[in-house]
Structure formats: C-alpha cells, structure tokens
Amino acid sequence: DFFSDAEAMAAFDLAGIGRAPARFDARKLLSLSGQHMAAAPDAALLAEVEAFLAATGGAPLPPAHRERFLAALPSAKPRAKTIPQLLEQARYALVDRPVGCDEAARAALAGPEAAILPDLTLHLRNGPWEREALEGA
C-alpha cells in the first residue's frame, strides 16, 4: 500500500511482525515507486534527477533544460516508475532544438505520406486550432 513515511512509522508495530519469511516483490516495488514519483513535488524530482545524473556520470542539466524538464514533469511523471524512465518520458524536453528525426521517423516519412506534409504544415500554421478545423486539415 502507498504510505507516507509518517504514516508507515505510525502504523508500524513490532507485534505485527510474523514468523513467515519476507518476500521481495519487484513489481510491487516498481508500482510503489511510480506512486511516490507521481506524488512527489516537481522540485524534489528535479533534485533526484540531478543526483542520479551525477552518480551515473551523466552530464548535468543546463539551465534551459532544467526549465523545460520542470515544465514536462506534469505529463512525464505519471508514466514513470524510475528515474531513468522519467528521463525517457521527458526526453522531448531535454533535446536541443530543432529536434531531428531518428531512423524510425525517417523511414515512416519516406513513403507517399511525406508528400502531404508541406500542405498539411501550411494548414496547421495558418488555420484555426480548433478540433473540427484540425480534423479537417
């Protein structure tokens, strides 16, 4: 179950410890980690990410990336269960602009679909950003 540290300490009782051996459940640990991550303040997660990068030899986040990472956290942290997953979920905020295509995207854009992109881009830039107009485009 999801407990804060204070709730866990208040509920702990030595009399509740049984004789059965404990079992480590990795899936449960990941689930709890994800719940705690989703509930954590964004500034605390940023500090954890920076500590993780320092501990693993990763480059520190430049100031511009820190701001974009903080802006991306509300959408990234509900889907992450570990710090590496959080970094992957927020990767779009950490890449330098303009964002290039990877091989899979390049292959997807190599077919006949690529021919409509210039026209679609024009519609998206100049058209209204309302649901019906976007679906029509």
Sorted by accessible area (1.4 Å probe), largest first, how do E103, E113, E50 line up? E103, E113, E50
Take each of the peptides 23-36, 58-71, 78-91, average the number of other beta-carbon atoms within 10 Å over its residues, and list them starting from the highest. 78-91, 58-71, 23-36
In whole Å, what are the extents of region 86-137 along the principal axes defined by its C-alpha atoms, from largest to smallest? 34, 27, 17
Using only alpha carbon pairs under 8 Å that are at least six residues apart, calculate the relative contact order of region 49-133 and give it in whole percent. 20
Taking only Cα atoms of the chain, radius of gyration then Dmax in Å: 22.1, 71
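Based only on the alpha carbon positions, what is the Kirkwood hydrodynamic radius of region 35-114, in angstrom?
By the Kirkwood definition, the hydrodynamic radius is 13.9 Å.
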Relative contact order (percent, whole number), region 1-95, Cα cutoff 8 Å, 6+ residue spacing: 31
Return one number: the angle in degrees, 0 to 90 and rounded to the nearest 10, between the long axis of the Cα atoms of helix 63-76 and the longest principal axis of the Cα atoms of the chain. 80
Test of understanding: in a Gaussian network model of the chain with alpha carbons linked when under 10 Å, which of A104, A72, A93 would top the mean-square fluctuation ranking? A104
Residue farthest toward the positive end of the dipole of the chain, with Cβ of Lys/Arg at +1 and Asp/Glu at -1: which of G18, L73, Q89? G18
Report the charge-dipole magnitude of the chain in Debye, nearest 20, computed about the Cα centre from +1 at each Lys and Arg Cβ and -1 at each Asp and Glu Cβ. 320
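Considering only protein heavy atoms and a 1.4 Å probe, what is the carbon-and-sulfur percentage of the accessible area of the chain?
Details: 6330 of 10390 Å².
Using a 1.4 Å probe with all protein chains present, the chain comes out at 61 percent carbon and sulfur.
The values are calculated or read from the model by the stated rules, or taken from the named source; none is laboratory data. Only a predicted model underlies this, so the values are computations on that prediction, with no experimental measurement involved. Methodologically, a virtual Cβ is constructed for each residue, glycine included, from the backbone with ideal geometry; neighbour enumeration extends over all protein chains shown. Only protein heavy atoms, including side chains, enter the accessible area calculation; ligands, DNA and RNA are left aside. Shrake-Rupley method; radii C 1.70, N 1.55, O 1.52, S 1.80 Å.
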